[in-house]
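Below is one structure, written out as structure tokens; the observations come after it.
The values are calculated or read from the model by the stated rules, or taken from the named source; none is laboratory data. Note that the structure is a prediction, hence the values are computed from the model and not measured. Ideal geometry is used to build each Cβ from the backbone, glycine not excepted, and the neighbour counts take in all protein chains shown. Ligands, DNA and RNA are stripped out before the accessible areas are found, and what is left, the full protein with its side chains, is counted by its heavy atoms. Shrake-Rupley method; radii C 1.70, N 1.55, O 1.52, S 1.80 Å.
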Amino acid sequence: MAFAAIHPEAGRIDATLPDLGRGLTWDQVHKTRPRVALRCPECGHGVHAKVSARKLRYFAHDPGRPTDCAWLNESLEHHLLKLELATAIRAADWHAELEVRAPDGTWRADVLASSHDGTQRVAWEAQLSPITNEDIQERTERYWAEGIGVCWVSPGGKAPWIGSVPSIRVQEPHDDQPWTVVDGPAAFHFEHGTWIVIDAPQLTAFIGWVLHEQTIVHRVRSRYRRIWYPTSEGYRRRNLIWTTSRHIDTETRHEAMRQRQEERKRQREKQERRAEQQRQAEAEARRIEEERQREVQRQEQERQRKIREAEMAVRWEEQQRQRAIEAEQARRRREAEERQRQEQARAAEEQRLWQEQREHQMAVQWWAELSHTQIQELQDAVAEPLWKKQATRAEFDTQGASADNAYGIAIYIRRRLHGILRPSPASLHRLPAVVPVFVRNAREAHDLINTGNIEPARVVHFNLPDHEQMSLM
Ligand SMILES: [Zn+2]
């Protein structure tokens, strides 16, 4: 099914135009006798003019058709969309050619729109079958390489390439609505900072805007590629959209504003970073200074401690020295005291010996005053009364005068000490306690008492003469 065919004399004819584009009428090619030898512009096979049940004029391949012709398997739906595109292009006062093939075969357009002067061309591609992104990209670039604009048109919802090439999605007439564009054209909303798909303009109007360059293809800045769809209330990613230069300017202004904001934010963050670095540097400097002061303080304390230790060591040494001196002095003192004590002991011993010697000499003189007779006389004076009155015998120490008895002669009665006979006046301190002493007469008693070393009551004397009675001789 095709709208274009090659007429043997007129050349390329178009079933969608009243004069077939060549000043002919439909009747001149439809059901003529003999048949006009029409050929397919794509494959060269014979075609014949037909009219569908819905009064749509087209060309159909003759029997024995090749299987690889591009137009062969196109659906009616595809054909209707192509027809709609061509009709809209013509309504915008542009030429529309269907099923056009590049002379060198590099491209083949469903509908090629051309300006009157032929300087501008836009290919409109009704793409119903699946096509990869790579293929559609490549075919788009082929048009651009020839200076031909292009717009891919999808009547269905499943067209993943929408927005990756110049493209729109259209919706067929419904509820008294003509063909409308439901995806592709968008407007920039400054306050929201986003592109918004505009709400279903008519396809005819849209094609007019494109051909008169009121609407152009725009490559969305990467930041704004999430496009808002009010009807589905969601975002979709689009790289290419259709819009006006005013909206592109708005996007540019928004981008500039946003960059200014980001720049301000960067500046603010930079200042904050600088301030933070400054604060950290100051804190670090403070920390170092505090550390230094602590170190100075620590060193000072260490110095003070060493001074104190040195002072203590000096004091301790001084104390040790002082203690040694004191110990030496004490030792010398003790030695002196010992020497003195020994000296005193020696002197006392000398004194005692001298005393004993003196006492002994005195005792010798004391007893030298008496003769044996006189001594016997005195012993008798003591013994006789005892014998006469008490019949007790007085025993006189056979050792005679002894130092233990103060150089007197001990008197015993029944072996008990009874008294001391005539102790020496110089040795009275040696007398045994209590017992009386016996002397010859008052003069001798007086000699003893005068020493003050004996109580007068202890002294018993007799009336014996100092000298021997000459009469007795
Ligand atoms: Zn063909």
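Would you work out the relative contact order for the stretch 50-150, in percent, from Cα pairs under 8 angstrom that are 6 or more residues apart?
Relative contact order comes out at 17 percent.
If you take every residue apart from Arg339 with its C-beta less than 12 Å away from the C-beta of Arg339, what net charge results, scoring Lys and Arg +1 and Asp and Glu -1?
+1
Which residue, Ala426, Ala310, Gln322, has the largest displacement toward the positive end of the dipole of the chain when charges sit on each Cβ (Lys, Arg +1; Asp, Glu -1)?
After comparing all options, I get Ala310.
Any chance you could list the semi-axes, whole Å, largest first, of the equivalent ellipsoid that the Cα gyration tensor gives for the chain, using √(5λ)?
Values for the chain, descending: 181, 25, 19 Å.
Ordering Thr373, Thr215 by how much accessible area each has at a 1.4 Å probe, largest first, what is the list?
Result, largest first: Thr373, Thr215.
Considering only protein heavy atoms and a 1.4 Å probe, what is the carbon-and-sulfur percentage of the accessible area of the stretch 369-472?
Summing carbon and sulfur atoms, their accessible area is 51 percent of the total for the stretch 369-472.
Can you tell me the dipole magnitude for the stretch 75-243 around its Cα centre, using point charges on the Cβ only (Lys, Arg +1; Asp, Glu -1), in Debye to the nearest 20?
700 debye
Read phi for every residue in the stretch 384-390 and hand back ³J(HN,Hα) as whole Hz from Karplus 6.51 cos²θ - 1.76 cosθ + 1.60, θ = phi - 60°, with x for Gly and Pro.
Each residue's phi maps through the Karplus curve to give 4, x, 5, 5, 5, 8, 10 Hz.
Let's see if you can work this out: charge +1 on each Lys and Arg Cβ, -1 on each Asp and Glu Cβ, no other charges. What is the dipole magnitude of the stretch 274-368 about its Cα centre, in debye to the nearest 20?
200 debye
Let me know the charge dipole size of the chain about its Cα centre in debye, to the nearest 20, where only the beta-carbon of Lys, Arg (+1) and Asp, Glu (-1) is charged.
Rounded to the nearest 20 debye, it is 640 debye.
Please sort by residue number the GluC sites (Glu not before Pro) in the stretch 215-269 whose DSSP state is loop and whose Cβ has at most 10 other Cβ atoms within 10 Å.
Glu233
What does the charge count around Gln271 come to, taking other residues whose C-beta lies under 13 Å from its C-beta (Lys +1, Arg +1, Asp -1, Glu -1)?
+4
Give, as a single signed number, the net charge of other residues whose beta carbon lies under 12 Å from the beta carbon of Glu309, with Lys and Arg counted +1 and Asp and Glu -1.
+3
If you bin every alpha carbon distance in the stretch 112-153 into 10 Å steps from zero, what whole percent lands in each bin?
P(r) over the stretch 112-153, rounded to whole percents: 28, 51, 18, 3.
What number comes out for accessible area per residue over the stretch 369-472 if the probe is 1.4 Å? Units Å², please.
59 Å²
Give me the extension gain from Arg279 to His372: residue separation times 0.36 nm, minus the current Cα-Cα distance, reported in nm with one decimal.
20.1 nm
Stick to Cα atoms and the Kirkwood definition of Rh, then tell me Rg/Rh for the stretch 347-473.
Rg/Rh: 0.98.
Return one whole number: the accessible area per residue of the stretch 136-269 in Å², for a 1.4 Å probe.
Each residue of the stretch 136-269 exposes 53 Å² on average to a 1.4 Å probe.
Could you look at the stretch 73-165 and say what percent of its accessible area is carbon and sulfur, using a 1.4 Å probe and all protein chains?
49 percent
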